[in-house]
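A.B. asks: Right, I'll just put the structure down here and ask away after.
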Amino acid sequence: DQIQKGAFSDYVNLLITQIESILDLDPGLSEREILQGVARKIVEFLRAELATVRIYDPATGKMIAFGSYPNLEAKREEAIPFEDSVAGEVVRTHQSYFVPDISHEEKYKGSRHKMVDQGIHSLMAVPIFLPRFSLKNVDSEGVLQIYFREKGKTFTPLEAKVAETFSKRVSYVIARKRIQDLQELNSTKDKIVE
């Protein structure tokens, strides 16, 4: 009873507050800013070291950097291969991918040594889906990669579910943004017609 009334209810309350804060992100922000805001909330909630977002670009067949927290844009590769990468595997399977030790992960090649040198050893990668709202746009898929200092980290089902829940809420915020953009476009068209 004490655990349920005390620690558990506090944790659930904090989780709900974080989810609501994601849903309350301003749809007027750019998609990159929205994704960076979600990355920040995940880092803080899971006590991770950093989080990065990569979006799959079907034109180039690569995973493109699309924000991080803290901001590492100048320090990381702009694009990584889709094939034989953790990010590509997550997009291909639509399943989360857990790496207890990135120094031994075959699918994590790019900046492995940079991460290990910074004391980052483990990784949880969860899928992100960004829906389309016009025939011109295509659905966007990507990955949210959450990095931890712990070597040999055992990811709990609760951590995975929290990260996946946060990731799914991103779709809602991006959908609101795209709907708002379409409304503004329609308003502009109406003014031109008038």
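A.B. asks: Let me check the size of the chain from its C-alpha atoms; what are the radius of gyration and Dmax in Å?
C.D. replies: In order Rg, Dmax, the Cα atoms of the chain give 18.2, 66 Å.
A.B. asks: Helix 31-46 against the longest principal axis of the chain: what's the angle in degrees, Cα atoms only, rounded to the nearest 10?
C.D. replies: On a 0 to 90 degree scale, this one is about 30.
A.B. asks: Could you report the accessible area of Phe129 in Å², rounded to 10, computed with a 1.4 Å probe on the protein chains as they sit in the structure?
C.D. replies: 100
A.B. asks: For a quick check of understanding: with a 1.4 angstrom probe and all protein chains in place, what accessible area in square angstrom does Lys41 have, to the nearest ten?
C.D. replies: Around 20 Å² of this residue is reachable by solvent.
A.B. asks: Given R₀ = 30 Å, what would the calculated FRET efficiency be for Glu20 paired with Thr156, taking r from the Cβ atoms and rounding to 0.05?
C.D. replies: Step by step, r from the Cβ atoms, then E = 0.85.
A.B. asks: If I compute solvent accessible area with a 1.4 Å probe over the protein chains, what percent of it on the chain is carbon and sulfur?
C.D. replies: That fraction is 53 percent.
A.B. asks: For the residue pair Ser30 and Arg149, what label-to-label distance in nm results when each label sits 7 Å from Cα along the Cα-to-beta-carbon direction?
C.D. replies: 3.2
A.B. asks: If R₀ is 41 angstrom, what is the calculated FRET efficiency for the pair Lys189 and Glu44, using the beta carbon separation as r and rounding to 0.05?
C.D. replies: Using R0 = 41 Å, I get an efficiency of 0.50.
A.B. asks: Please report the accessible area of Glu105 (heavy atoms, 1.4 Å probe, ligands and nucleic acids excluded) in Å², nearest 10.
C.D. replies: Roughly 30 Å² of Glu105 is accessible to a 1.4 Å probe.
A.B. asks: In whole Hz, with x marking every Gly and Pro, tabulate ³J(HN,Hα) for the range 181-194 from phi via Karplus 6.51 cos²θ - 1.76 cosθ + 1.60, θ = phi - 60°.
C.D. replies: 4, 5, 5, 5, 5, 5, 4, 5, 4, 4, 5, 5, 4, 4
The values are calculated or read from the model by the stated rules, or taken from the named source; none is laboratory data. The shown structure was predicted, so the numbers you read here are calculated from the model rather than taken from an experiment. So basically every Cβ, Gly included, is an ideal-geometry build from the backbone, and we count neighbours across all protein chains shown. Keep in mind that these areas ignore ligands, DNA and RNA; they rest on the heavy atoms of the full protein, side chains included. Shrake-Rupley method; radii C 1.70, N 1.55, O 1.52, S 1.80 Å.
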